[in-house]
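The values are calculated or read from the model by the stated rules, or taken from the named source; none is laboratory data. This is a predicted model, so every value here is computed, not measured. We place every Cβ from the backbone using ideal geometry, glycine too, and count neighbours over all the protein chains shown.
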Amino acid sequence: GEDVEQSLFLSVREGDSSVINCTYTDSSSTYLYWYKQEPGAGLQLLTYIFSNMDMKQDQRLTVLLNKKDKHLSLRIADTQTGDSAIYFCAERTSWGKLQFGAGTQVVVTP
Amino acid sequence: SQTIHQWPATLVQPVGSPLSLECTVEGTSNPNLYWYRQAAGRGLQLLFYSVGIGQISSEVPQNLSASRPQDRQFILSSKKLLLSDSGFYLCACSKSGYMNTEAFFGQGTRLTVV
């Protein structure tokens, strides 16, 4: 099975906050990432967090890391229609291999 | 920053035909390179990764192979395509070494095997 797990779908109303959750298994992971994929396109890095941090904020994005539970979350404040996409959580293992989750499809409704 | 060129963008191939997808990287040397497949628009599966020229690791048994003939060139191949090889293929690169912070992705190749 996959080493990184995410819920598959999230529906959120425009203007509300979105929270996407992810769990990983490799305790030696050094970096954890959130990528965004819009329809028919490649992946774009949104943000990342180093494993010795608990939180990182970047404008509307907040990343929370619970290293003990191996749990990562991405919060998007004031969600907009342009935020509709698939969001991938990924972990970087010791030498640099990137392991992705299955992706969470976020649908923003008016 | 790094730039990844991946082509073609779309490809329709008959069952049993060969495949060659190419990916080249600019802006960095000795990168880690990856091939991912995304089937049916979901789930990014790591197929191959490479830490250097001629060094290929396969993640899953399959009908595909990969090669890295040059430092910044990564090729995905098949001798005979199967219907199940259809999908969206993404090439990615990241800096080698411990302090990596970001991976860059190509725009992907949508392969349809008919």
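Of all the residues that make up segment B:51-70, how many are surrounded by 15 or more Cβ atoms within 10 Å (Cβ to Cβ) and part of a strand (DSSP E or B)? Of the residues in segment B:51-70, 6 are surrounded by 15 or more Cβ atoms within 10 Å (Cβ to Cβ) and part of a strand (DSSP E or B). Hey, does segment B:86-108 have a residue that's away from chain A (no Cβ under 14 Å), part of a helix (DSSP H, G or I) and modelled with pLDDT under 95? No, that holds for no residue. Within segment B:12-33, being closer than 17 Å to B:I75 by Cα and surrounded by 17 or more Cβ atoms within 10 Å (Cβ to Cβ) holds for B:L19, B:L21, B:C23, B:T24, B:V25, B:P31, B:N32, B:L33. When residues in segment A:37-59 are screened for being surrounded by 19 or more Cβ atoms within 10 Å (Cβ to Cβ), more than 16 Å from A:T93 (Cα to Cα) and without any contact (Cβ under 8 Å) to a residue 60 or more places away in the chain, 2 of them pass. Would you say B:S94 is free of Cβ contacts under 8 Å to residues at least 12 places away in the same chain and of a type in the set (S, T, N, Q)? Taking the combined requirement at face value, the residue does not satisfy it.
Of all residues in segment B:71-78, none are buried (at least 21 other Cβ atoms within 10 Å of the Cβ), of a type in the set (A, V, I, L, M, F, W, C) and in contact with a Pro (Cβ under 6 Å, 6 or more places away or on another chain).
Out of everything in segment A:25-63 that is among the β-branched types (V, I, T) and farther than 22 Å from B:Q38 by Cα, what residue ends up being farthest from the chain's Cα centre (by Cα)? So the residue we want is A:T30. Looking at segment A:64-85, can you tell me whether even one residue there is surrounded by 13 or more Cβ atoms within 10 Å (Cβ to Cβ), in a strand (DSSP E or B), without any contact (Cβ under 8 Å) to a residue 24 or more places away in the chain and under 13 Å from the mean Cα position of the chain (by Cα)? The answer is yes; a qualifying residue exists. Select, from A:Y24, A:Y35, A:Y87, the only residue that is out of contact with any Cys (no Cβ under 6 Å at 6 or more places or on another chain) and within 11 Å of chain B (Cβ to nearest Cβ). None of the other options fit; the residue is A:Y35. Tally time: how many residues in segment A:86-102 are in a strand (DSSP E or B) and closer than 15 Å to A:S7 by Cβ? The total comes to 5.
Scanning segment A:26-63 for residues that are farther than 27 Å from B:C91 by Cα and in a loop (DSSP other than H, G, I, E, B) turns up A:N52, A:M53, A:D54, A:Q59, A:R60.
Determine whether A:A90 is closer than 27 Å to B:T10 by Cβ, in contact with an Asp or Glu (Cβ under 9 Å, 6 or more places away or on another chain), surrounded by 20 or more Cβ atoms within 10 Å (Cβ to Cβ) and among the small types (G, A, S). Spelling it out, it is not the case that A:A90 is closer than 27 Å to B:T10 by Cβ, in contact with an Asp or Glu (Cβ under 9 Å, 6 or more places away or on another chain), surrounded by 20 or more Cβ atoms within 10 Å (Cβ to Cβ) and among the small types (G, A, S). Is it the case, given these coordinates, that B:L111 is part of a strand (DSSP E or B), away from chain A (no Cβ under 14 Å), surrounded by 20 or more Cβ atoms within 10 Å (Cβ to Cβ) and at pLDDT 90 or above? Criteria not met by B:L111.
Would you check if there is a residue in segment B:62-77 being modelled with pLDDT under 90 and more than 14 Å from chain A (Cβ to nearest Cβ)? Scanning segment B:62-77, I find at least one residue that is modelled with pLDDT under 90 and more than 14 Å from chain A (Cβ to nearest Cβ), so the answer is yes. Residues of segment B:34-57 that are farther than 19 Å from B:K80 by Cβ and touching an Asp or Glu at 6+ places or on another chain (Cβ under 9 Å): B:G43, B:Q45, B:L46, B:Y49, B:G52, B:I53. Does A:Q37 satisfy the condition of being at pLDDT below 95 and not hydroxyl-bearing (S, T, Y)? Answer is yes for this residue.
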